[in-house]
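Engineer: Below: one structure in structure tokens.
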Amino acid sequence: DEIVKDATELADATREFVDFVGDAVLVAHNARFDMGFLHASCHKTGVSRLDNPVLDTLELARFLYPNLKNHRLDTLAARFKVPLDNHHRAVDDSVATGHILFHMLKDVLEKNITDLERLNDFIGQDLQNVRPFHCNIYAKNETGKKNLYKLISLAHTEYFHRVPRIP
């Protein structure tokens, strides 16, 4: 409480952040997590939702380096010899993520991928390194029920990896 007692109010900070990023591509490690907080903050404060393109270095690492034992920020920092002295502190993690991205983009270029749209074509294709998320799917009618059974069958046969998955 002492550290944030003079902090900017959430609505003002959210508005300032949205204005600051403009239409830039946002980069984060495990972007789903961070974007969830940003979207919740926008919703809570009445600020327009951020629809910027997002580049997730976690997903990118899973694509580029599928054989790494894990794809955590500290693992990638060690791989690229990027300092990460105060891990889990916003500024330090951001700086490290930027340096890691710089190294990863060299590997992206070696695959002849030159734009974000093309890069997104490759993310999520290899289900070995994608973390599954829980979802509920409901059938509205008999046709939907039949299609749901097809999805469940595919999840258990074609796309099964440790757990059933639907890409």
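The values are calculated or read from the model by the stated rules, or taken from the named source; none is laboratory data. No experiment lies behind these values; they were computed from the predicted model shown. Here the Cβ is made from the backbone with ideal geometry for all residues, glycine too, and neighbour counts use every protein chain on show. For accessibility, only protein heavy atoms count, side chains too; no ligands or nucleic acids. Shrake-Rupley method; radii C 1.70, N 1.55, O 1.52, S 1.80 Å.
Engineer: What are the DSSP H helices in the chain that stretch 20 Å or more along their long axis, judged by alpha-carbon atoms, and whose average Kyte-Doolittle hydropathy comes to at least 0.0?
Structural biologist: Passing helices, by number: 90-110.
Engineer: Can I ask one more? Work out the charge dipole of the range 51-154 with +1 on the Cβ of Lys and Arg and -1 on the Cβ of Asp and Glu about the Cα centre, then indicate which of Thr143, Val54, Val95 is farthest towards its positive end.
Structural biologist: In the range 51-154, that residue is Thr143.
Engineer: How high is the FRET efficiency between Asp115 and Ala90 when r is their beta carbon distance and R₀ equals 30 Å, given to the nearest 0.05?
Structural biologist: 0.60
Engineer: In addition: Can you tell me the relative contact order of the range 19-133? Whole percent, Cα pairs under 8 Å, sequence separation 6 or more.
Structural biologist: Once normalised by length, the contact order is 25 percent.
Engineer: Work out Dmax and Rg for the chain from the C-alpha atoms and quote the Rg first, both in angstrom.
Structural biologist: 19.4, 58
Engineer: Something else: Measure off, as a whole percent, the carbon and sulfur share of the 1.4 Å-probe accessible area of the range 1-129, all protein chains present.
Structural biologist: Carbon plus sulfur share of accessible area: 52 percent.
Engineer: Pop the C-beta distance of Leu105 and Ala40 into the FRET formula with R0 = 25 Å and round what comes out to the nearest 0.05.
Structural biologist: Calculated value: 0.25.
Engineer: If you don't mind, another one. For the chain, with every protein chain kept in place, what is the accessible area per residue (1.4 Å probe, Å²)?
Structural biologist: 73 Å²
Engineer: For a quick check: with amide H placed at 1.01 Å from N, whose amide H comes under 5 Å from Val27's, ignoring anything fewer than 5 positions away on the same chain?
Structural biologist: Excluding prolines and chain starts, which carry no amide H, the hits are Leu55.
Engineer: Just want the answer: with Cβ charges of +1 for Lys and Arg and -1 for Asp and Glu, which residue in Val21, Leu68, His134 is farthest toward the dipole's positive end in the range 1-157?
Structural biologist: His134
Engineer: Taking 41 Å as R0, compute the FRET efficiency from the Cβ-Cβ separation of Ala24 and Lys146 and round it to 0.05.
Structural biologist: Efficiency for this residue pair is about 0.40.
Engineer: Let me ask something additional. Mind putting a number on the dipole of the chain about its Cα centre? Charges go on the C-beta only, +1 for Lys and Arg and -1 for Asp and Glu, and I need it in Debye to the nearest 20.
Structural biologist: In debye, rounded to 20, the chain gives about 1080.
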